[in-house]
Structures are given as C-alpha cells and as structure tokens.
Amino acid sequence: MMFRLSAPIRVGLLLTLTLLPTAACQANSAEPGNAESKPPETRPPHHTDTGFRNLYVSDSGKNVFTFLRMRWFGDDPYADHSQELDQIRVTGTVDPISETPDRPTITWLGHSTFLLRHQGHTLLTDPILSQRASPVGFAGPERLAPLVYDLPDLPKIDWVVISHNHYDHLDTDTIRALGNGPMYFVPLGVKAWFVELGIDPQRVQEMDWWESRTVNGSTITATPTQHWSSRGLTDRYQTLWAAWRLEMSDFSLWFAGDTGYNDVQFRETFERLGPVDIALIPIGAYAPRWFMQNNHVNPEEAIAIHNDVGAQLSIGMHWSTFQLSAEPLDEPRQRLEAQVQSGALRQGRFLTLPIGGSIDYSPDNFINVTP
C-alpha cells in the first residue's frame, strides 16, 4: 500500500522534522579525525582538510532538507510499513541469552545490530535498542516490531563495533546503558562523542581504514566502505565511516555497516584479508534509487559485496526494523532470495533471519537455532 499526506500535514511535518537535527548539535563536538593534522601530500586519499570523503563516487550536496523535500513533497511513492507489519518475521517466545555456545553463534537483534558469541567472547554491532532511530524520543523512525532482546537479556558484552555516527547506528541511550563495560571500536573522529557521553577514553579505540587492534588473541580491523557521516546540520563528513573485520583463531566475521557499492573497496578487502566465514551485509533502505544509490546498496549489490569479500555465509541486515526509505517492507528479502535462486552467488550462501533469530556456524554446516 502506498500513501501520500495532504499538503497541510506535509508542511507541518516538514517544519517539525527539519528542527530535529538541531537537537543533536550538542552531541556534535566530534573533531574531524586526524585529517587536519596531516599535510595533503602525506595524508590518505580519503582524508580532506575538514574530514573525510568517498573515493569512488561523487559526494553530493544532499542534506536533511533535500531528504525531507524528497520524502514529503516528491513524486516517489513510499510504502506504508505500518500497514505491512504482518510481514515482519520475529521469533517466538525467547529466554535471556546466557549460555556460551560451542561454536560461533550470531543473533540478529534487528536493523544492523547483531550479537556474536564465540570462544567466551561477545561482540555487538551498531547497537540500537531504543524505540526510535532519532535524536529525540517523540519523533523520527519508530521501531516496527517489538524488541525481542533488550540489554538485560544479553550476556556481558566484551566488544562493540560502530560503523558510523548516524542515529540508526549510534544510539545514545544504548551506549549509555552499555557504559564502560565493553571495549568500543569506532572510526576516526567518533571517539569524542563517546567521551562526551561519559565513556572512559581508554575504552574507545578510534581507527582509520586498515588499522588493526589485537585484543585477547583476536584482531579487529577497520575496512573501507562508501557512506557518509553526520549527527547535525553542519558536521557532514567530519567523522569517518567503516566496516569491521574480526579474526579469531578459528573464525572470521565481516560487518559491512552501511554502504553503497563500488567494485574496488570490497575486492580490496578480500585481497588484503582473504575470504571470510560470515559477512553481515545491508539489503534495505535503497529506494528511491536516484536518491539512495551512492550510500545504500540494494539486494543485488549486496550479493556483489558477498561475492567480492569471499563470504562463505552472508546474513542480510538493515531492513524490516525502521522505515528509512520507500521500498515495501519485505521487498529486500524477496529480491535477495530471487537473486540467490537465479544463481547470482559465486560462493557460499546468503540468507536472512527473523528478528531474534540465531545461526550456529561451522565451516561445513550452519543451523537455524530459532527459525
């Protein structure tokens, strides 16, 4: 079902929503990484005088105003996800997660948030357990399905990786609740936000693309993606964005974060780091294509990323949790499955989970624990 608001309602919403980023300005104290401290002839090509840039696509001048104008006044039809909630797949009754599995176990908590448990360690990706992906609690994209697992239901978290500082990937309330328990791995420029929130600076590892840290015998590496950053009206591209590769003794994981597609960076990830056991790749928030393409892959491009990074198993994310774009709620899964059935994968498998669903992984087998 598609919907259009009447003109007066559109105007009211536009006036209200354009004010939302200003509520984030107080959190916008992050400095633009290390870009300014390096002379142009020595700094990496993705660094600029004021922050960072994409290498294989022209960064447009789109901002919150162009988005809202497109969203409420444009001609592109938007699916009404509130009328499609019966299409969301959610696990049934679940118990708090406490056991330590014998092999790598991945649980999807919704959107881009996954819990990995392996070798006695736990990792969260882009944790957002709030009801809205927004700087305020009364407006902005609202969670479409019940929160299957909240923080009290999860084991102690050892590591958290953050792909970039957008509100649907870096959530104030969730990070505040996690506190100084985990070690945080963040792209350049994002550490200041954590410190301002009260997180111990020693608990935040800020990294550029291709930098690595080794913790408890595991190595975490920041790898390139094609996206952007902003939490307010004046800080676009001031902090970096990244994917994350985790190497354990018998298992590897690659978390794509949020990204558009190019045919260089993901192949380079494979060439530098080799194939990966499990990749977590976005499949949603891609329509309208003319607006989203540079920064958000569609299911077909997600499969290209799967092929490029040499994933044995990929799991789709960034869909079916918050409405951020125009496509129907279940379309990402349907398009992904159609591509898989058509033989688009060069290796391995690519699937989706229900929210709250888990997979136990081994090189020769994987099992849906909560299908």
Seminar exercise, completed: Computed ³J(HN,Hα) along the range 344-352: with the Karplus parameters 6.51/-1.76/1.60, θ = phi - 60°, integer Hz and x for glycine or proline, the list is 6, 6, 8, 7, x, 9, 9, 9, 10
Exercise. In a shell of Cβ-Cβ distance under 14 Å around Gln341, excluding Gln341 itself, what net charge do Lys and Arg (+1) and Asp and Glu (-1) give?
Worked result: +1
Problem set entry | Accessible surface, per residue, of the range 220-292 when the full set of protein chains is kept, probe 1.4 Å, Å² | 27 Å²
For this session: Could you calculate, for the range 259-371, the ratio of the Cα radius of gyration to the Kirkwood radius, expressed as Rg to Rh?
Result: 0.96
For this session: Calculate the length of the line joining the C-alpha centroid of the range 305-325 to that of the range 126-191, in whole Å.
Result: 19 Å
Exercise. Hey, any idea what % of the range 142-185's accessible area is carbon plus sulfur with a 1.4 Å probe?
Worked result: 50 percent
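For the range 109-246, what does the relative contact order come out to in percent, with C-alpha contacts under 8 Å and a separation of six or more? Don't skip to the answer; put the middle values down first.
Details: 260 pairs, mean separation 26.6, N = 138.
That works out to 19 percent.
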For this session: Mind checking the per residue accessible area of the range 301-370 for me, 1.4 Å probe, whole number of Å²?
Result: 35 Å²
Problem set entry | Share of carbon and sulfur in the accessible heavy-atom surface of the range 230-326 [1.4 Å probe, %] | 48 percent
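The values are calculated or read from the model by the stated rules, or taken from the named source; none is laboratory data. Every value quoted in this text rests on a predicted model; they were computed, and no experiment measured them. So basically every Cβ, Gly included, is an ideal-geometry build from the backbone, and we count neighbours across all protein chains shown. Surface areas here come from the heavy atoms of the whole protein model, side chains and all, with no ligands, DNA or RNA. Shrake-Rupley method; radii C 1.70, N 1.55, O 1.52, S 1.80 Å.
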